[in-house]
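Each remark here refers to the structure printed beneath this line.
Every read-out reported here was derived from the displayed coordinates using simple, explicitly stated rules and does not represent laboratory data. Since this is a predicted model, take the numbers as computed values, not measurements. Cβ placement follows ideal geometry from the backbone for every residue including glycine, while neighbour counts extend to all protein chains displayed.
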Amino acid sequence: MIILFTDFGHASVYVGQVKSVLYQHAPRVRQIDLLHDAPAFNIKASAHLLAALAPQFPPDSVFLTVVDPGVGSVREAAMVFADGRWFVGPDNGLLSVVAARADKPKFWLIHWRPRKLSHTFHGRDLFAPIAAFIAKDEFPHDKMDETTSLRVQLGAQDLAEIIYIDNYGNAMTGMRAKSLKFDNQLLVHGGRLRRATIFADVPGGTPFWYENCVGLAEIAISSGNAAQELDLKIGDAVEVVK
Amino acid sequence: MIILFTDFGHASVYVGQVKSVLYQHAPRVRQIDLLHDAPAFNIKASAHLLAALAPQFPPDSVFLTVVDPGVGSVREAAMVFADGRWFVGPDNGLLSVVAARADKPKFWLIHWRPRKLSHTFHGRDLFAPIAAFIAKDEFPHDKMDETTSLRVQLGAQDLAEIIYIDNYGNAMTGMRAKSLKFDNQLLVHGGRLRRATIFADVPGGTPFWYENCVGLAEIAISSGNAAQELDLKIGDAVEVVK
Amino acid sequence: MIILFTDFGHASVYVGQVKSVLYQHAPRVRQIDLLHDAPAFNIKASAHLLAALAPQFPPDSVFLTVVDPGVGSVREAAMVFADGRWFVGPDNGLLSVVAARADKPKFWLIHWRPRKLSHTFHGRDLFAPIAAFIAKDEFPHDKMDETTSLRVQLGAQDLAEIIYIDNYGNAMTGMRAKSLKFDNQLLVHGGRLRRATIFADVPGGTPFWYENCVGLAEIAISSGNAAQELDLKIGDAVEVVK
């Protein structure tokens with residue numbers, strides 16, 4: 001199973017091109033679109049979102065991850081094996097949160113460059129073929145070298161920022177709920193939010209936070225749109241208070 | 001074939017998680033994204049849209065349907081067998097229009113709860129596994145009980161409201177064209193609209209209604225964007241006049 | 001492999017209906033969503049975008065192409081075989097740029113009409129079944145007649161307009177980079193843009209053009225959103241200057 005996690009835009013002409021390459025290299029492998037609207041240009045938020053989502057997928061899943069504002073510049077191409085899953089993408093920090101939280105991760109630098117390599121679309125020309133090789137269980141030994149770490153590392157610690165806003169206006173933070181105490185409150189844009197277990201526990205219209213479906217602290221309003229009402233944007237700071 | 005009909009947002013991180021669960025449970029079953037932008041929080045419009053779209057799919061299709069603002073509260077989980085197709089989702093009215101229009105529908109309450117059940121994401125944890133069992137023809141007898149009806153019923157009758165606006169600005173109503181007389185006009189926001197058979201019959205710029213590709217009365221403007229020009233939104237009332 | 005290229009809207013209820021029909025007719029054929037946000041009502045831009053994207057896909061790919069504002073009127077339905085790939089869609093110019101640039105293309109008029117044919121959704125009822133037949137290698141001889149050309153022809157030459165804007169705000173033109181000289185500049189909205197090879201060659205904030213991942217001249221701003229900052233829209237004219 002290949003999982004796509006990119007900032008291409010779900011509506012873009014880029015997704016289909018990548019999927020065609022994957023299909024040509026690995027026709028029997030299922031492809032799943034996890035996210036094509038990862039926060040563009042925001043590697044930090046994307047790295048934390050990826051780290052929260054990855055454990056939802058089974059062992060041996062191969063993640064093709066592209067949030068890559070530095071494509072065509074000097075950044076390296078990398079692969080990480082972390083907690084049973086594979087991650088292929090730019091070595092710009094994107095894979096580094098997953099890696100830092102994993103038990104004995106392994107790292108490779110991809111030195112292979114295809115003959116036809118677009119300056120701006122390594123997702124299609126470089127990362128997709130590598131991901132396909134891994135997914136069909138043909139490790140491309142000749143295309144990469146094992147290494148001891150990533151070049152760019154964001155670390156394992158939580159990110160006290162908004163990292164994703166969903167269709168209902170709920171705002172995920174980069175903080176894992178298990179890192180917080182049960183009575184911790186979140187301070188955002190000057191307002192204090194208490195924790196609730198489920199939406200139904202909170203009167204309509206009151207903002208709160210809760211542990212969301214992937215283990216993150218998420219800000220919501222029962223029967224309301226938290227992002228709109230609290231004016232939350234990706235990258236906004238969140239503070240933990242008692 | 002599993003058909004996904006949700007309000008997750010096509011661009012959200014939720015769709016891929018559900019598809020991964022479906023794939024793990026039923027790897028050989030084709031998954032089709034019908035709609036991930038069902039009118040959020042609007043069960044009535046969503047139920048009527050689902051009822052209009054379902055007949056386009058072949059017998060034995062399994063619909064995984066999630067428009068579920070009450071997730072985590074007391075609403076039940078249900079399954080309906082209606083006119084040869086299966087529908088899995090919340091018992092909040094969403095499945096009730098399909099059911100009310102079917103010949104001898106059957107009903108089940110899903111009493112099974114998985115060990116790991118997110119308070120806010122029953123689509124992934126509860127409905128997806130059930131849909132997968134049905135789709136691979138392994139009826140989960142131990143997970144549900146047959147019952148005689150749904151708890152929340154919206155009835156079989158048409159809905160005189162806008163229920164969907166497409167990419168071109170055409171606005172679907174919840175009224176089936178066959179329920180209307182040929183010379184009926186539609187009154188919306190004070191304007192009267194005549195019926196036409198095809199766009200080419202109407203001068204450019206004139207609003208009209210016609211029977212759309214799924215049998216609903218739909219409001220359009222030839223060479224124009226009806227939703228913008230008539231200021232139509234989902235939930236707006238439409239009246240039938242002579 | 002069937003490639004979908006439409007203006008239905010990625011979030012619409014139309015895509016899933018088409019995919020269900022394709023799946024019923026050709027269950028073993030892979031379907032790839034290339035674009036569902038082709039410039040609606042803009043056949044010219046869509047035709048040039050299709051012509052640039054098609055060569056990214058392997059021989060024998062079948063393109064189901066629907067940008068079809070005249071659906072239900074007198075326009076014909078057509079199929080083109082061009083440089084090893086198949087294209088099924090309306091004969092309104094959409095397929096004509098691909099065809100004009102191909103070596104010895106072949107043409108067919110589709111005279112078949114299904115018993116159930118929506119006036120507004122030939123993508124589902126007419127084009128999808130034809131595309132499925134081609135993709136599963138069962139040429140529908142009884143449904144079409146070979147012909148010598150398309151009715152509507154836009155020609156092989158480049159289009160000096162913006163034809164697509166991506167998620168990052170980069171604006172593709174309908175001009176192939178290989179048609180331009182290396183020192184050509186582009187004039188758009190009164191501003192002159194030089195060519196660069198890669199983003200990293202250009203100071204942040206400076207607009208430029210470069211050969212994009214499908215061979216087109218594309219306008220971008222390093223570390224910026226060109227479409228917003230230069231106020232670019234699909235259809236805007238671009239001029240080549242020395």
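Quick check: pseudo-label points 7 Å beyond the Cα along Cα→Cβ at A:S149 and A:K116, how many nm apart are they?
3.9 nm
Between C:K181 and C:D60, what is the FRET efficiency for a Förster distance of 45 Å, r being their Cβ-Cβ separation, to the nearest 0.05?
0.80
Binned at 5 Å from 0, what are the whole-percent values of the Cα-Cα distance distribution for the stretch C:159-241, short to long?
It works out to 3, 17, 32, 29, 16, 2, in whole percents.
For the stretch B:16-70, state which trypsin sites (Lys or Arg not before Pro) are in a DSSP loop and have at most 13 other beta carbons lying within 10 Å of their beta carbon.
Passing both the DSSP loop test and the Cβ count: B:R28.
State the Cα centre-to-centre distance between the stretch A:126-191 and the stretch A:31-81 in whole Å.
The two parts, judged by their Cα centres, are 7 Å apart.
Which distances in nm, rounded to one decimal and ordered from shortest, link the label point of A:Q153 to the equivalent label points in the other identical copies, with labels set 7 Å from Cα toward Cβ?
6.4, 6.4
Restricting to bridges with both residues inside the protein assembly as shown, how much of the DSSP beta-bridge set is antiparallel, in percent to the nearest 5?
If we restrict to bridges inside the protein assembly as shown, about 70 percent are antiparallel.
Under 19 Å from a point 7 Å along the Cα-to-Cβ line of A:E229: which residues of the stretch B:37-51 have their amide N that close?
Correct set: B:40-43.
Hey, rough spin-label estimate for A:V74 and A:H141, points 7 angstrom out along Cα→Cβ, what's it come to in nanometres?
3.3 nm
Once phi is turned into θ = phi - 60°, what whole-Hz ³J(HN,Hα) does the Karplus curve with 6.51, -1.76 and 1.60 give for every residue of the stretch C:87-93, x standing for Gly and Pro?
Going residue by residue, I get 9, 10, x, x, 8, 10, x Hz, with x marking Gly and Pro.
Averaged over B:12-25, how many beta carbons belonging to a partner chain fall within 10 Å of each residue's beta carbon?
6
Mind checking the dipole of the stretch A:159-241: about its Cα centre, +1 per Lys or Arg Cβ, -1 per Asp or Glu Cβ, Debye to the nearest 20?
Taking the Cα centre of the stretch A:159-241 as origin, the dipole is about 240 debye.
To one decimal in nm, how far is A:V240 from the same spot in the other copies, if labels go 7 Å from Cα toward Cβ? Please give the shortest first.
Values, ascending and in nm: 5.9, 5.9.
For a 27 Å ceiling on Cα separation, which of these pairs sit above it: C:K19/C:K143; A:K44/B:K233; B:K181/C:K116; C:K116/C:K143; C:K181/C:K233; B:K44/B:K106?
A:K44/B:K233
If each label sits 7 angstrom from Cα along the C-beta direction, how far apart, in nm, is B:G191 from its counterparts in the other copies?
Here B:G191 shows inter-copy label distances of 3.7, 3.7 nm.
For the stretch C:72-85, just list the computed ³J(HN,Hα) in residue order, Karplus coefficients 6.51, -1.76 and 1.60, θ = phi - 60°, integers in Hz, with x standing in for Gly and Pro.
Running phi through 6.51 cos²θ - 1.76 cosθ + 1.60 with θ = phi - 60° gives x, 9, 7, 4, 7, 9, 9, 9, 10, 10, 9, 6, x, 10 Hz.
Quote the FRET efficiency, to the nearest 0.05, computed for A:A237 versus C:Q157 with a Förster distance R0 of 60 Å and r equal to the Cβ-Cβ distance.
Here the calculated transfer efficiency is 0.70.
Sequence-distant or interchain residues sharing an amide H contact under 5 Å with C:M175, placed H: which?
C:L159, C:E161, C:A217
What are the ³J(HN,Hα) couplings of the stretch A:150-155, residue after residue, when phi is run through the Karplus curve with 6.51, -1.76, 1.60 and θ = phi - 60°? Round to Hz, x for glycine and proline.
Couplings: 7, 6, 10, 10, 9, x Hz.
To test your reading of the geometry: what angle, between 0 and 90 degrees and rounded to tens, separates the Cα axis of helix B:14-25 from the longest principal axis of chain B?
Value to nearest ten degrees: 50.
What does a probe at A:K104 reach in the stretch A:68-88, counting residues whose amide N is under 15 Å from the point 7 Å along Cα→Cβ?
A:81-85
Run the paramagnetic zone check for A:R28: 7 angstrom along Cα to Cβ, then residues of the stretch A:96-139 with backbone nitrogen under 20 Å.
A:129-139
Among residues other than A:R113 whose Cβ falls under 11 Å from its Cβ, what is the net charge (Lys/Arg +1, Asp/Glu -1)?
Net of charged neighbours comes to +2.
What are the extents of the Cα atoms of the stretch C:2-147 along their three principal axes, in Å, largest first?
36, 32, 32
If you count the DSSP beta bridges with both ends in chain C, what percent of them are antiparallel, to the nearest 5? Mind dumping the intermediate values first?
On the way: 34 of 47 bridges.
Around 70 percent of the beta bridges assigned by DSSP in chain C are antiparallel ones.
So how long is each side of the protein assembly as shown along the principal axes, counting just the alpha-carbon atoms, biggest first, in Å?
72, 68, 47
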